[in-house]
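Asker: Sending over a structure as structure tokens; questions will come in a sec.
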Amino acid sequence: MENLEIARVLDDVASLLEIQGANPFRIRAYQNAARVVEAHSVAMRKMLADHEDLTALPGIGKDIAKYITELVETGTLSVLESIAKDVPLSLIELTRLPGVGPKKARALWEALDVKTIDDLERVVKAGDVAELKGFGKKTQDKILKAIGSYRKRQQGRTRLADAEQLVEPLIGYMRAAPGLEQLDVAGSYRRRRETVRDVDILAIADDPIPVMEHFVNYPEVRSVEKGGGTRGTVILASGLQADLRIVSADSYGAALQYFTGSKEHNVAVRKRAVTMGLRVSEYGVFEVDEDTDEADDPFSGNRIAGKSEEEVYVAMGLPWIAPELREDRGEVAAAEDGCLPSLMTLEDVKGDLQMHSTWSDGKNTIEEMLEACAAKGYEYFAMTDHSKALAMTGGLDAERLKNQWVEIEDVQARHSEIRLLKSMEVDILADGSLDLEDEMLEQLDVVVISVHSRFDLPSTDQTKRIVTAMSHPAARILGHPTGRLINVRDPMEFDVDAVLQAAVEFDVAVELNAHPNRLDLRDTHLMHAKELGAKIVISTDAHRTDELDLMCYGVDQARRAWLEPADVLNCLPLQELTQAVTGGR
Ligand code: DGT
Ligand code: CA
Ligand code: ZN
């Protein structure tokens, strides 16, 4: 057990003692000891191994030294068992919720018999917590929110952009580890999957010990599950798990290939290796020698590759395969046949075809959005404020839309550096009709149509509704087609295949909404859309200028769908784009 983890347990004991109503000096003693252990540069485990006296440390008395020894030796504390006779240990989880803490946990337990987060959720939803002395409505709302994010973490998969917020600072911190030579994030994170379960970090270092020590001492670490030798696992304060593996430079490429996965891709690669008399593992690519091979020696046979990932693929007669493709969706066969896609990149994007301004629920003016798009080097963008059915967003009716056009023309007149397409995100009403008069629709440069209500229609009705809307001659782009919000709202139930076929039939492009909470359509649906010959656009749906940066998540998802620049309408230059979205019908 590492110092941080020991400190965590000491804090937990202090919280439980506080709930129990123990002597404040006793509580304080545990808290002080926790701070001392946390800040101490030498591991308690090492001090004990060296027979050092822990009571020489400030704030560590005989009792706490005994507890620390017990924790290091057994990983648990017997004193917890005796506390458990008075106080349910499950209250610890409650004290970790933002806005709760030991005092409130005790009050909740005493007044409402709350022992677990489930109990707490029940009484919060019943409104009982607002009534409690010292709580009130505000606290109750705060707790409900804290439970919500706790639940999301429990679902076990973190959205990629959220994970990035946690991983980037960790990587920045790790780059300063003593003796570190190289560091990469592998796993689903590198494959740019829309969500990740945990984060797999690989590093090269001659001496793994100081690098591992640096890792487990990252201030955001909540607990250290494993932290010795070349393998470490920590849980960050957010609940996200991060694994670190330290390998030698000789096998780094092989390890990167192996831990990038996916597992299914690795199986496909390994199958191919076997047919070539090769064995591929996290240690390298080896020539199998039936006579001398030792079944349990991972290094038996002649190692022919391992240093770089390219080398690993080349040893198997394959070109390097982009991580986003490594899902066993035919990439190994495509690599064999020399027909891997030339995946699009962020630089291929020439414009953004969905965003909102202060005319509806956006935070920036049309001109501010224009300047931000121009700063990205875009040739064009579409201003797609909401239509009137979305009253809470300030959606526009015909009258206000006309007023908006006056401003659009004014802004365009002052800016020749980029083309501002007159557009709207028009609601698809429950019967499949569009939320704007035909004579107005006809005057727009490009019409985006989206569902924002009645997500729960029966599948056949939903399909009919969407296809009816797509058949409208003005419809050009189907926005966020499934309506899902990752980890929050499931996709609508409808026949995706029928909608993609309608996209081809009516020449309506389907959107890949790049917002990392949406990524809608998802990768497999986009692959299917491409197969059918449907057009695709990638749009940010930005409600603020800085959200225009979310395009990169759309591009990641597009790459996972094997999309090339030719598959994506907004990779076209202005002239061809306007032809594609306005002409031809
Ligand atoms: P995740 O964490 O669920 O978002 O997805 P991954 O792909 O990051 O999965 P993870 O973290 O369990 O493992 C990282 C990589 O390690 C995985 O993509 C491939 C490799 N790997 C792990 N376990 C196995 C295994 O049993 N067989 C093979 N071939 N590869 C494995
Ligand atoms: Ca992972
Ligand atoms: Zn929308």
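The values are calculated or read from the model by the stated rules, or taken from the named source; none is laboratory data. Everything numeric here is computed off the predicted structure, so don't read it as measured data. Cβ coordinates were reconstructed from backbone atoms using ideal geometry, including for glycine residues, and neighbour counts include every protein chain displayed.
Asker: Being hydrophobic (A, V, I, L, M, F, W, C), at pLDDT 95 or above and out of contact with any strand residue (DSSP E or B) (no Cβ under 7 Å at 6 or more places or on another chain) narrows it down to one residue among A295, A315, A374; which is it?
Answerer: Within the list A295, A315, A374, the selection yields A374.
Asker: Against the condition within 16 Å of ligand 3 (Cβ to nearest atom), exposed (fewer than 14 other Cβ atoms within 10 Å of the Cβ) and not polar (S, T, N, Q), how does A413 come out, does it pass?
Answerer: So A413 fails the test.
Asker: Of the conditions (1) surrounded by 14 or more Cβ atoms within 10 Å (Cβ to Cβ); (2) at pLDDT below 95; (3) closer than 30 Å to E531 by Cβ; (4) out of contact with any strand residue (DSSP E or B) (no Cβ under 6 Å at 6 or more places or on another chain), V267 satisfies every one except a single condition; which number is it?
Answerer: Result: V267 fails condition (1) only.
Asker: Scan the stretch 188-217 and report the pairs whose first residue is more than 19 Å from A237 (Cα to Cα) and in contact (Cβ under 8 Å) with a residue 60 or more places away in the chain and whose second residue is near ligand 2 (Cβ under 9 Å from one of its atoms) and among the small types (G, A, S), with Cβ atoms within less than 8 Å and a gap of 6+ or a chain change.
Answerer: S188/G261; R191/G261
Asker: Is it the case, given these coordinates, that R175 is within 16 Å of ligand 2 (Cβ to nearest atom) and farther than 27 Å from I147 by Cβ?
Answerer: Answer is no for this residue.
Asker: Within the stretch 68-112, can you find the residues that are in contact (Cβ under 8 Å) with a residue 24 or more places away in the chain, in a loop (DSSP other than H, G, I, E, B) and either closer than 17 Å to Y150 by Cβ or among the charged types (D, E, K, R) (or both)?
Answerer: D86, S90, L97, P98, G99, V100
Asker: Quick one: would you say V224 is at pLDDT below 95, among the β-branched types (V, I, T), buried (at least 19 other Cβ atoms within 10 Å of the Cβ) and touching an Asp or Glu at 6+ places or on another chain (Cβ under 8 Å)?
Answerer: So V224 fits the description; yes.
Asker: A follow-up question, please. Between a residue in the stretch 471-492 that is not assigned by TED's automatic domain parsing to the domain that holds E437 and any residue that is assigned to a loop (DSSP other than H, G, I, E, B) and surrounded by fewer than 21 Cβ atoms within 10 Å (Cβ to Cβ), which pairs come within a Cβ distance under 6 Å, given they are 6 or more apart or on different chains?
Answerer: Taking only residues 6 or more apart or on different chains, not a single pair turns up.
Asker: Under 6 Å between Cβ atoms, at least 6 apart or on separate chains: pull out the pairs that start in the stretch 224-235 with a residue that is closer than 12 Å to E2 by Cβ and end on any residue that is surrounded by 14 or more Cβ atoms within 10 Å (Cβ to Cβ) and of a type in the set (F, W, Y).
Answerer: Once the first residue is closer than 12 Å to E2 by Cβ and sits in the stretch 224-235, its partners that are surrounded by 14 or more Cβ atoms within 10 Å (Cβ to Cβ) and of a type in the set (F, W, Y) give G232/F215.
Asker: Right, something else. Please enumerate the residues belonging to the stretch 460-495 that are farther than 20 Å from T582 by Cα, more than 16 Å from ligand 3 (Cβ to nearest atom) and surrounded by fewer than 20 Cβ atoms within 10 Å (Cβ to Cβ).
Answerer: T460, D461, K464, N487, D490, E493, D495
Asker: Which residues, counting only those in the stretch 549-585, are among the hydrophobic types (A, V, I, L, M, F, W, C) and within 18 Å of the chain's Cα centre (by Cα)?
Answerer: L550, M551, C552, V555, A558, A561, listed by residue number.
Asker: Could you list, in sequence order, all residues of the stretch 129-152 that are in a helix (DSSP H, G or I), among the hydrophobic types (A, V, I, L, M, F, W, C), in contact with a helix residue (DSSP H, G or I) (Cβ under 7 Å, 6 or more places away or on another chain) and within 18 Å of T116 (Cβ to Cβ)?
Answerer: Matches in the stretch 129-152: V129, I143, L144, I147.
Asker: Regarding the stretch 298-311, can at least one residue be identified that is modelled with pLDDT under 95, among the polar types (S, T, N, Q) and away from ligand 3 (no atom under 16 Å from the Cβ)?
Answerer: Scanning the stretch 298-311 turns up at least one residue that is modelled with pLDDT under 95, among the polar types (S, T, N, Q) and away from ligand 3 (no atom under 16 Å from the Cβ).
Asker: I'd like to check something: does the stretch 390-407 contain any residue that is in a loop (DSSP other than H, G, I, E, B) and buried (at least 18 other Cβ atoms within 10 Å of the Cβ)?
Answerer: yes
Asker: Being of a type in the set (S, T, Y), more than 15 Å from ligand 1 (Cβ to nearest atom) and under 12 Å from L244 (Cα atoms) is the filter here; which residues of the stretch 191-233 pass it?
Answerer: T230
Conditions (1) at pLDDT 90 or above; (2) within 16 Å of ligand 2 (Cβ to nearest atom), marked per residue:
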position	(1), (2)
R106	yes, no
R122	yes, no
G127	yes, no
R153	no, yes
E164	yes, yes
A186	yes, yes
R192	yes, yes
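Asker: If G533 meets every condition in (1) in contact with a strand residue (DSSP E or B) (Cβ under 6 Å, 6 or more places away or on another chain); (2) at positive phi apart from one, which number is that one?
Answerer: Tallying (1) in contact with a strand residue (DSSP E or B) (Cβ under 6 Å, 6 or more places away or on another chain); (2) at positive phi, G533 fails exactly one: (1).
Asker: Quick check on G229: is it on the phi > 0 side of the Ramachandran plot and within 16 Å of ligand 2 (Cβ to nearest atom)?
Answerer: no
Asker: Continuing with the same structure: May I ask you to list the residues in the stretch 296-330 that are more than 24 Å from the chain's Cα centre (by Cα) and charged (D, E, K, R)?
Answerer: The answer is D296, D297, R303, K307, E309, E310, E311.
Asker: Would a scan of the stretch 203-219 turn up a residue that is at pLDDT 95 or above, within 13 Å of ligand 2 (Cβ to nearest atom) and under 16 Å from R231 (Cβ atoms)?
Answerer: The answer is no; no qualifying residue exists.
Asker: Could you figure out which of (1) within 16 Å of ligand 3 (Cβ to nearest atom); (2) in a loop (DSSP other than H, G, I, E, B); (3) among the hydroxyl-bearing types (S, T, Y) isn't true of S423?
Answerer: (2)
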